[in-house]
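*Asks:* I have a structure I would like to understand better, so I am pasting it below and will then ask my questions one at a time.
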Amino acid sequence: MDVFEAIENRRSIRDYDRSKPVSKEIIEKIVNAARWAPTAGNRQPIEVIVVSSQEVREKLASLSGYAPYLKDSPVALVVCVNQSKYTKGYENARQFYTPMDASAAIMNMMLAAHGLGLGTCWDSVLDKKAIRELLKIPEHVEPFSILALGYPSKRPETPPRRRPLEEMIHWEAY
C-alpha cells in the first residue's frame with residue numbers, strides 16, 4: 001500500500017469484529033512501527049502496554065471519558081512516555097517533547113495497523129493517576145494516550161470531509 005493511500009484511507013474505527021483476535025505477532029509488528037518514529041534527540045522514550053484483558057479494557061474505557069469502543073476492541077495499546085529518557089539537555093523541555101514523540105509513535109502504529117488490515121481509534125488519557133495505578137505504571141513513566149486496536153467489523157465508506165488545501169497552506173508567512 002502506498003503511503004499516501006494509507007494516510008488518505010485510514011479511518012478511526014469504533015466497531016470491531018470480536019470473533020477475530022489479534023495475534024501477538026501482529027501486535028509486535030504494529031508496536032515495532034512506533035519504535036521507528038522520530039524522537040527528540042533519539043531518546044526513544046516510548047513504552048507501550050498491551051492490554052487484552054476484557055476486565056482491564058472496561059476499566060480503561062470508564063477512565064478515558066467517552067470511549068466505549070475501548071471495551072469492545074480486542075486490544076488496547078496504552079502509549080506511555082518514559083520521562084527518564086530525557087537527559088543531557090532535554091530535561092527542561094520534556095513538556096514539549098512528550099506530545100511530539102508520543103504522537104509520532106502513535107501515528108506510525110495507526111498507519112501500520114491500517115496497512116495490516118486492522119483498525120484503531122486514538123483516545124486521550126484523562127485520569128492519569130487512576131490509569132497509572134491500574135496498570136502499575138512507575139512515576140517516571142507518563143501514560144499519554146490509548147489506542148483501541150482490532151479488526152474492523154465494518155469500515156466507514158465515505159471519507160470525512162477535509163477542508164481544502166488552499167485554506168490551510170500559507171507560503172512564507174501566515
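*Asks:* Considering the range 55-80 alone, what residues qualify as being surrounded by fewer than 18 Cβ atoms within 10 Å (Cβ to Cβ) and either within 23 Å of Ala33 (Cβ to Cβ) or modelled with pLDDT of 95 or more (or both)?
*Replies:* Those that are surrounded by fewer than 18 Cβ atoms within 10 Å (Cβ to Cβ) and either within 23 Å of Ala33 (Cβ to Cβ) or modelled with pLDDT of 95 or more (or both): Glu55, Val56.
*Asks:* Output yes when any residue across the range 74-82 is in a loop (DSSP other than H, G, I, E, B), under 20 Å from Gly150 (Cα atoms) and among the small types (Gly, Ala, Ser), and no when none is. Full working, then the answer.
*Replies:* The first filter runs over the range 74-82 and keeps only residues in a loop (DSSP other than H, G, I, E, B), leaving 74.
Still in the list and also under 20 Å from Gly150 (Cα atoms): 74.
Subset that is among the small types (Gly, Ala, Ser): none.
Scanning the range 74-82, I find no residue that is in a loop (DSSP other than H, G, I, E, B), under 20 Å from Gly150 (Cα atoms) and among the small types (Gly, Ala, Ser), so the answer is no.
*Asks:* Find the residue count for the range 32-47, including only residues that are in contact with a strand residue (DSSP E or B) (Cβ under 8 Å, 6 or more places away or on another chain) and either of a type in the set (Phe, Trp, Tyr) or buried (at least 19 other Cβ atoms within 10 Å of the Cβ) (or both).
*Replies:* In the first step, residues of the range 32-47 are kept if they are in contact with a strand residue (DSSP E or B) (Cβ under 8 Å, 6 or more places away or on another chain); the result is 34-35, 37, 39, 45-47.
Those still in the list that are either of a type in the set (Phe, Trp, Tyr) or buried (at least 19 other Cβ atoms within 10 Å of the Cβ) (or both) too: 34, 39, 45-47.
Residues meeting the conditions: 5.
*Asks:* Residues that are closer than 19 Å to Val125 by Cβ, at least 1 per element: which helices (runs of 4 or more DSSP H) completely within the range 3-68 meet that? Spell out the reasoning first.
*Replies:* Working: elements: 3-9, 24-35, 54-63.
Passing ranges, in order: 24-35, 54-63.
*Asks:* For the range 116-128, what are the residues that are over 12 Å from Val79 (Cβ atoms) and at pLDDT 95 or above?
*Replies:* Filtering the range 116-128 for residues over 12 Å from Val79 (Cβ atoms) gives 116-119, 121, 126-128.
Result: Leu116, Gly117, Leu118, Gly119, Cys121.
*Asks:* A further question on this structure: Being in contact with a helix residue (DSSP H, G or I) (Cβ under 9 Å, 6 or more places away or on another chain), buried (at least 22 other Cβ atoms within 10 Å of the Cβ) and β-branched (Val, Ile, Thr) is true for just one of Ile137, Ile106. Which residue is that? So that I can check it myself, show each step before the final result.
*Replies:* Numbers: Ile137 fails: buried (at least 22 other Cβ atoms within 10 Å of the Cβ).
Result of the check over Ile137, Ile106: Ile106.
*Asks:* I'm told Met1 meets every condition in (1) buried (at least 16 other Cβ atoms within 10 Å of the Cβ); (2) touching a Gly at 6+ places or on another chain (Cβ under 8 Å) except one. Can you identify the failing condition by its number?
*Replies:* Looking at each condition in turn, Met1 falls short on (1).
*Asks:* Looking only at the range 138-174, filter to residues that are hydroxyl-bearing (Ser, Thr, Tyr) and within 29 Å of Ile30 (Cβ to Cβ); which one of those is farthest from the chain's Cα centre (by Cα)?
*Replies:* Of all residues in the range 138-174, those hydroxyl-bearing (Ser, Thr, Tyr) come to 145, 151, 153, 158, 174.
Of the ones still in play, those that are also within 29 Å of Ile30 (Cβ to Cβ) are 145, 151, 153, 158.
Values: Ser145: 6, Tyr151: 16, Ser153: 20, Thr158: 23 Å.
That would be Thr158.
*Asks:* So, one more: Only one of these conditions is not met by Arg94: (1) loosely packed, with under 12 Cβ neighbours inside 10 Å; (2) modelled with pLDDT under 95; (3) assigned to a helix (DSSP H, G or I). Which number is it?
*Replies:* (1)
*Asks:* Given the criteria of a type outside the set (A, V, I, L, M), out of contact with any Gly (no Cβ under 6 Å at 6 or more places or on another chain), assigned to a loop (DSSP other than H, G, I, E, B) and at pLDDT 95 or above, does Glu133 qualify? Working first, answer last.
*Replies:* Working: of a type outside the set (A, V, I, L, M): yes; out of contact with any Gly (no Cβ under 6 Å at 6 or more places or on another chain): yes; assigned to a loop (DSSP other than H, G, I, E, B): no; at pLDDT 95 or above: yes.
Against the criterion (of a type outside the set (A, V, I, L, M), out of contact with any Gly (no Cβ under 6 Å at 6 or more places or on another chain), assigned to a loop (DSSP other than H, G, I, E, B) and at pLDDT 95 or above), Glu133 does not qualify.
The values are calculated or read from the model by the stated rules, or taken from the named source; none is laboratory data. Predicted model only: the values in this text are computed from it and were never measured. Here the Cβ is made from the backbone with ideal geometry for all residues, glycine too, and neighbour counts use every protein chain on show.
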